[in-house]
Amino acid sequence: MKRLLNPWRGLDGYNCFGCSPDNPSGVRMEFYEDGDEIVSVWHPRPDFQGWLNTLHGGIQSVLLDEICAWVVIRKLNTSGVTSRMETRYRKAISTEDNYLLLRAHIVSHRHNLVEIKAAIYNQDGAVCAEATCQYFTFPPEKAKNMYFRPCDTVGDDMTLEEVIARQTSC
């Protein structure tokens, strides 16, 4: 898999809670392309807990929604907005885990609506949360007016183990 280059890094005013590397309050996700899927490895932090040592459900939804947005960005080369999101919480996520693995892919695409499935796995590989998101995608001119920039890959191919090692050492 290859790391996706964040095309908004350094853009004045860019402070996305999900993916800005410079938002100290945000979750600061990074993304990788693995065939038809977009992947993220994320380190849970205690300041995102709901119950003691348990990742807040709202943060889980943010992670799922954000990776789905990056599926739209990379796979459809446009931007859009979430029009519907259904989330199933299957297993509590510990904020003491070393990492979480997220995966998302397109299920269907019709006109300007795309359906994406995403999941969060804990460090033991168990599915903890799943979401089906529907995105309303923008035509190219509208996306451009909303600061859309194409997203390219950078660097060499990496294995999942290398990505996990890179993300957990940060």
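Points worth noting:
- Peptides 57-65, 153-161, 91-99 ordered by packing proxy, namely the average of other Cβ atoms within 10 Å per residue, highest first: 57-65, 91-99, 153-161.
- Rounded to 10°, Cα long-axis angle of helix 57-76 versus longest principal axis of the chain: 40
- In terms of surrounding Cβ atoms within a 10 Å radius of their Cβ, 70, 8 rank from fewest to most as 8, 70.
- Measuring nothing but how far apart in sequence close Cα pairs (under 8 Å, 6+ apart) lie, relative to its length, the chain scores a relative contact order of 26 percent.
- Convex hull of Cα atoms in the range 2-168, direction-averaged projection (nm²): 9.4
- The HN-Hα couplings worked out from phi for the range 127-141 by the Karplus form 6.51 cos²θ - 1.76 cosθ + 1.60 (θ = phi - 60°) are 6, 9, 8, 9, 9, 10, 10, 10, 10, 8, 8, 8, x, x, 5 Hz, whole numbers, x standing for Gly and Pro.
Values quoted throughout were computed directly from the atomic coordinates according to the rules given, and no laboratory measurement underlies them. Bear in mind that the values here come from a model prediction, so they are computed numbers and not experimental data. For neighbour counting, all protein chains shown are included, and Cβ atoms are generated from backbone atoms with ideal geometry for every residue, glycine included.
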